[in-house]
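I have placed the structure first, in the form of structure tokens, so that the comments after it can refer back to it.
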Amino acid sequence: TKLFFIPQGLTMLLYGTIGLFLDIYLWLIIIWNVGSGYNEFNKANGQVSIFRWGFPGKNRRLKITCSIEDIQAIKINIKKGLNPSNSIYLKVKGKLDIPLTVVGQPLRLVEIEDKAADLASFLNVPFESSI
């Protein structure tokens, strides 16, 4: 077998450049506040509004609006293992499950269950769990 010689300085330059671009990307996500937003449940007009900030461009503002009657259930998704996550989802007729937990807010299982149960009782919809 034949081994190719790659100078150590060239390898370190490659890794440094990749690290610099990754660092710039992560800082821009923090500055742009990607994934943050709010959830509004208004029983007076029967509307649910979910707003999130996205990446700059024509789809920077992500706003989903639906009727309270279209909500089928509140669902929690619990993942255990190497990359655990606890999330609350809104199940809407004719749409994919909409995540309600904001990015970067890790919550304990008890807090997730309490928030989901309160929301389900407020909206008068069933509460589902998937582990």
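The values are calculated or read from the model by the stated rules, or taken from the named source; none is laboratory data. Everything numeric here is computed off the predicted structure, so don't read it as measured data. Here the Cβ positions follow ideal geometry from the backbone for every residue, glycine too, while neighbour counts run over all protein chains shown. Side chains are part of the model used for accessible areas, which takes the heavy atoms of the whole protein and leaves out ligands, DNA and RNA. Shrake-Rupley method; radii C 1.70, N 1.55, O 1.52, S 1.80 Å.
Per residue of the chain, what 222 nm ellipticity follows from adding -39500 (n - 2.57) for every DSSP H run with n ≥ 4, rounded to the nearest 500? Calculated at 222 nm, the ellipticity per residue is -10500 deg cm²/dmol. For the chain, modelled as a GNM whose springs connect Cα atoms under 10 angstrom apart, the maximal fluctuation among G54, G46, G37 occurs at G46.
In this Cβ point-charge picture (+1 for Lys and Arg, -1 for Asp and Glu), the chain has a dipole of about 420 debye about its Cα centre. Largest GNM mean-square fluctuation across Y89, Y25, Y38, computed for the chain with C-alpha springs under 10 Å, falls on Y25.
Quick one: helix 8-32 against the long Cα principal axis of the chain, what's the angle to the nearest 10°, folded into 0 to 90? Taking Cα atoms only, the helix is inclined about 20 degrees. Matching the structure-derived volume of the Cα convex hull per residue in Å³ against the labelled list (1) 106; (2) 198; (3) 129 gives the label (2).
Peptide packing for 14-20, 114-120 was compared via the average number of neighbouring C-beta atoms within 10 Å per residue; ordered from the highest value, the list is 114-120, 14-20.
Computed in the context of the full set of protein chains, the accessible area of segment 9-125 at 1.4 Å probe radius has 60% of its extent on carbon or sulfur.
Which FRET efficiency, nearest 0.05, do K2 and N83 yield, Cβ-Cβ r, R0 35 Å? Result of the calculation: an efficiency of 0.35. Overall shape: prolate for segment 15-79, with the ratio a/c of the largest to smallest alpha carbon gyration tensor axis at 1.5 or above and a/b above b/c.
When both segment 56-103 and segment 6-24 are represented by their alpha-carbon centers, they are found 37 Å apart. Per residue, the chain exposes 74 Å² of accessible surface when a 1.4 Å probe is rolled over the protein heavy atoms with every protein chain present. Only Lys, Arg, Asp and Glu carry charge here, each on its Cβ (+1 for the first two, -1 for the last two); on that basis segment 1-72 has a dipole of about 200 debye about its Cα centre. Answer rounded, prolate or oblate for segment 57-131, using the Cα gyration tensor with square roots of eigenvalues a ≥ b ≥ c: rounded when a/c is under 1.5, else prolate when a/b is larger than b/c, else oblate. Judged from the Cα gyration tensor, segment 57-131 comes out oblate (a/c at least 1.5, b/c at or above a/b).
Full extension of the chain between F55 and V110 gives 16.6 nm of extra length, using 0.36 nm per residue less the Cα-Cα distance.
Using a Gaussian network model of the chain in which every pair of alpha carbons under 10 angstrom is joined by a spring, one finds that among I31, I98, I88 the greatest mean-square fluctuation is at I31.
Of the residues A73, T1, G46, the one whose Cα sits farthest toward the positive end of the charge dipole of the chain, with +1 on the Cβ of Lys and Arg and -1 on the Cβ of Asp and Glu, is T1.
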